[in-house]
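First comes the structure, then the notes that go with it.
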Amino acid sequence: MKLKIKICGIKHNIAEVAALQPDYLGFIFYEKSLRNFEGEIPEIPYSTKKVGVFVNENIEKVIEITKKQLLDVVQLHGEESPDYCKRLTNFSQDFEIWKAFSVDEAFNFEILKPYETFVSKFL
């Protein structure tokens with residue numbers, strides 16, 4: 001397995017960080033976050049994929065931001081259901097979907113199964 005580097009929560013010095021050539025740059029689109037990104041993502045090297053992080057956001061807004069910012073990945077950090085992920089894939093196949101879960105000793109990995117068809121990676 002090849003190690004991949006993602007730098008997340010980028011708001012400032014985007015060109016300088018992108019020059020380090022990480023595999024992914026993460027931009028948070030969650031208004032309650034101190035790292036919420038506003039504005040336009042500047043041009044970055046093609047080899048670095050742009051990840052938009054969303055939390056319980058309206059699907060139409062996710063699609064709007066994804067298209068506007070030309071995101072490669074939509075990373076979901078809320079209570080998004082498998083149906084939410086399915087509906088998101090119905091809008092476009094132009095981006096990957098990643099789904100984050102909080103994992104502890106009691107985590108039941110079986111809850112991931114309904115997501116497998118619609119999600120590229122689990123975090």
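Computed from the coordinates by the stated procedures, all read-outs in this text should not be read as laboratory data. A quick note: this is a predicted structure, and the numbers were derived from the prediction, not measured. Every residue, glycine as well, gets a Cβ built from its backbone with ideal geometry; the counts of neighbours run over all protein chains shown.
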Per DSSP helix of 4 or more residues, -39500 (n - 2.57); summed, then divided by the residues of the chain. What does that give at 222 nm, rounded to the nearest 500?
-6000 deg cm²/dmol
Calc'd 3J(HN,Hα), the stretch 47-58, phi into Karplus 6.51 cos²θ - 1.76 cosθ + 1.60 (θ = phi - 60°), Hz, glycine/Pro = x, comes to 6, 8, 8, 8, 10, x, 9, 10, 10, 6, 8, 4
Separation between the Ile5 and Glu105 pseudo-spin-labels, each 7 Å from Cα along Cα→Cβ, expressed in nm?
3.6
Cα extents of the chain along the principal axes, largest first, in whole Å, come to 41, 33, 28
Have a look at Leu25, Leu34, Leu76 and tell me which one the Gaussian network model of the chain (Cα, springs below 10 Å) gives the largest fluctuation.
Leu34
Roughly speaking, what is the centre-to-centre gap between the stretch 75-108 and the stretch 11-43 when only Cα atoms are used, to the nearest Å?
21
Could you work out the local net charge near Val73, counting Lys and Arg as +1, Asp and Glu as -1, over the other residues with Cβ closer than 10 Å to its Cβ?
+2
Candidate aspartates and glutamates for bridging to Lys49, where Cα separation is under 17 Å - those fewer than 8 sequence places away on the same chain excluded
Glu16, Asp23, Glu40, Asp72, Asp94, Glu96
Any idea what angle helix 59-69 forms with the longest principal axis of the chain, computed on alpha-carbon atoms, 0 to 90 degrees, nearest 10?
30
Roughly how tilted is helix 82-91, in degrees to the nearest 10 and between 0 and 90, from the longest Cα axis of the chain?
50
Pick from Ser92, Ser102, Ser81: which is most flexible by mean-square fluctuation in a GNM of the chain where alpha carbon atoms under 10 Å apart are linked?
Ser102
Dipole moment magnitude, nearest 20 debye, the chain about Cα centre, only Lys, Arg, Asp, Glu C-beta charged:
240
Flagged links, alpha-carbon separation over 23 Å, of Lys67/Lys99; Lys11/Lys32; Lys2/Lys61
Lys2/Lys61
Provide, for q = 0.11, 0.18 Å⁻¹, the log10 of I(q)/I(0) from a solvent-free Debye sum over equal Cα point scatterers in the stretch 59-123.
-0.25, -0.63
Computed over the chain: relative contact order in percent, which uses C-alpha pairs under 8 Å that are six or more apart
18
